[in-house]
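Data first, discussion second: the structure below is written as structure tokens.
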Amino acid sequence: LFRQHWHHVITYCCVFADFGMCVAFLGPTVLDLGCLTSTDMQTMSLVFFSQLLCSLIGASMAGYLHHALSRSRCHANHILLVATSVIPMTVFLVPFCRTLWVLAIVLAVMGINMGTIDCLANLQMINLFGEKVPPFLQAMHFCYGLGAFISPMIVEPFLLNEDCTIFINNATSPGGEQISATGELIIPNNASDAFMPAHSLADAQLQTRVQYAFWIIAAVMLPVPLLVLSLSIRLRITGWKPGHHTLIESDSESSYSGASTNEYGGDEISNPWKQEDKAPKQLAFSHLVAVTALISFMLFLYDGLQSGYGAWVYSYAVKSIVDLNTTEGAYLNALFWGMFALGRLISIPLATRFSPVFMLLCNIVSILVNAMIIMVCLRHDHVALYVGTALFGIFLSSIAPTTISVGEAYIDLTSAITSIIVVMGAIGEMVFPVIIGNV
């Protein structure tokens, strides 16, 4: 089956890897971006809000556009092509932002396209494989984790890791350091420069090399729109016919109506896992609403936890854990996303052997036990932070795709329902980092 749909699977997996890279780069670079934009740490939480709020808007717009344009020549892959083309441009522009509001605008544009990718890539994969989607959905979300792991590793060598808040506030810092009238830090004679590489805001802005990290990430993302373009061209040549439509005809129809045509109405790319005579699931409206609400709440909660932890674990570790330096903080962030990717990789074969409900229950119980024992009781311990971060990443990793698979088993995930689910997850991703950043 993979050989028959390899182009689709590889394309959507690469698209989701781009999505993961965009989510993960803000956490490790927040200190350097604060220096570049002359913004203190607490105010920098607004850039997370800007990106994730617009990600929510993008997910909402994508679901509507997918349905509205389903009968036209403009297909979901064309929308994905635009989104994957815009994202590298915004990543390239980030280091040129020297004020907070300009950075917020650039990240807002990035967020809209991130939300578009989140909604449409999930929807396309579900439409392609139907009820047999779990392993492929896990594979796509593994690529999200892989992208999120790669991003901090690219960024780490270029970080200045300087908290410029004491320069910006031009006052006595909490540790007792004095700031001169020119904004320079007055360092005692016995102090070591190793702990304070910059002595003023201008010095920090000159020393940071974080722009190279963003340009490398943008370059890594460039082949993805070409891959989406190749898929669109292939499907148009082999399968698209005027007057045909996509698999989803309306919000009230099933996404898996048993049609043997492909996304463009052609029959060259068949789906052997879809049954020709399968009828839409007949459910009471109250049942449909209840399942949709439950799935949406799950994604709101766990996407929010994932986003909040990934965004702030670096800053928390550097500022709260004794003897943990800034390089270790970046590696801790990479550890979370690396274990996140590993968890999704492990979930691919598990999804073929266990039911989504069983996998979801195991993940939830494991997260609760890990959070209570390690992350709460031993939250200031160096080793416990590493162990807890690794376990948290593994058990949190497969909740989102597994939850979607659970929903697909009980209801037909149309474009409207998928948009609602993704939007609720985006709301969680937007709210949790802001709350954590202001606590």
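Considering Leu103, Leu93, Leu128, the condition of being more than 18 Å from the chain's Cα centre (by Cα) and modelled with pLDDT under 90 is satisfied by Leu128 alone. Taken together, Ser60, Ser45 contain a single residue that is hydroxyl-bearing (Ser, Thr, Tyr), touching a helix residue (DSSP H, G or I) at 6+ places or on another chain (Cβ under 9 Å) and under 30 Å from Glu156 (Cα atoms), which is Ser45. Against the test of being buried (at least 19 other Cβ atoms within 10 Å of the Cβ) and more than 30 Å from His75 (Cα to Cα), the options Phe358, Phe392 yield a single qualifying residue, Phe392. Of the residues examined, Val86 is not one that is farther than 16 Å from Val228 by Cβ, under 19 Å from the mean Cα position of the chain (by Cα) and not charged (D, E, K, R).
Please specify each residue of segment 403-413 satisfying the condition of being touching a Ser or Thr at 6+ places or on another chain (Cβ under 7 Å) and buried (at least 23 other Cβ atoms within 10 Å of the Cβ). Selection gives Leu413 alone. Is it the case, given these coordinates, that Leu294 is in a helix (DSSP H, G or I), touching a Gly at 6+ places or on another chain (Cβ under 9 Å) and modelled with pLDDT of 85 or more? Yes, satisfied.
Residues in segment 374-391 that are assigned to a helix (DSSP H, G or I) and modelled with pLDDT under 75: Ile374, Met375, Val376. Please determine whether any residue of segment 36-44 is closer than 25 Å to Asn333 by Cβ and at pLDDT 90 or above. For segment 36-44, residues closer than 25 Å to Asn333 by Cβ and at pLDDT 90 or above: absent.
Among the residues of segment 66-89, those identified as modelled with pLDDT of 80 or more, surrounded by fewer than 19 Cβ atoms within 10 Å (Cβ to Cβ) and of a type in the set (A, V, I, L, M, F, W, C) are Val82, Val86, Met89. Counting only helices (runs of 4 or more DSSP H) wholly contained in segment 1-107, the ones carrying 2 or more residues that are in contact (Cβ under 8 Å) with a residue 40 or more places away in the chain and either within 23 Å of Gln207 (Cβ to Cβ) or charged (D, E, K, R) (or both) occupy 26-36, 41-68, 76-93. Count of segment 112-128 residues, restricted to those that are closer than 11 Å to Ala76 by Cα and among the β-branched types (Val, Ile, Thr), is 2.
Being in a helix (DSSP H, G or I) and either small (Gly, Ala, Ser) or closer than 22 Å to Val434 by Cβ (or both) holds for only one residue in Asn127, Asn122, Asn113, and it is Asn113.
For Ile248, are the conditions met, namely being in contact with a helix residue (DSSP H, G or I) (Cβ under 9 Å, 6 or more places away or on another chain), surrounded by fewer than 21 Cβ atoms within 10 Å (Cβ to Cβ) and at pLDDT below 70? No; evaluated as a whole, the condition is false for this residue. Would it be correct to say that Gly145 is touching a residue at least 12 places away in the same chain (Cβ under 8 Å), surrounded by fewer than 24 Cβ atoms within 10 Å (Cβ to Cβ) and over 17 Å from Met424 (Cα atoms)? Answer is no for this residue.
The values are calculated or read from the model by the stated rules, or taken from the named source; none is laboratory data. Small disclaimer: the values here were computed from a predicted structure and weren't measured. As a convention, Cβ positions derive from the backbone with ideal geometry for all residues, glycine included, and neighbour counts pool all protein chains shown.
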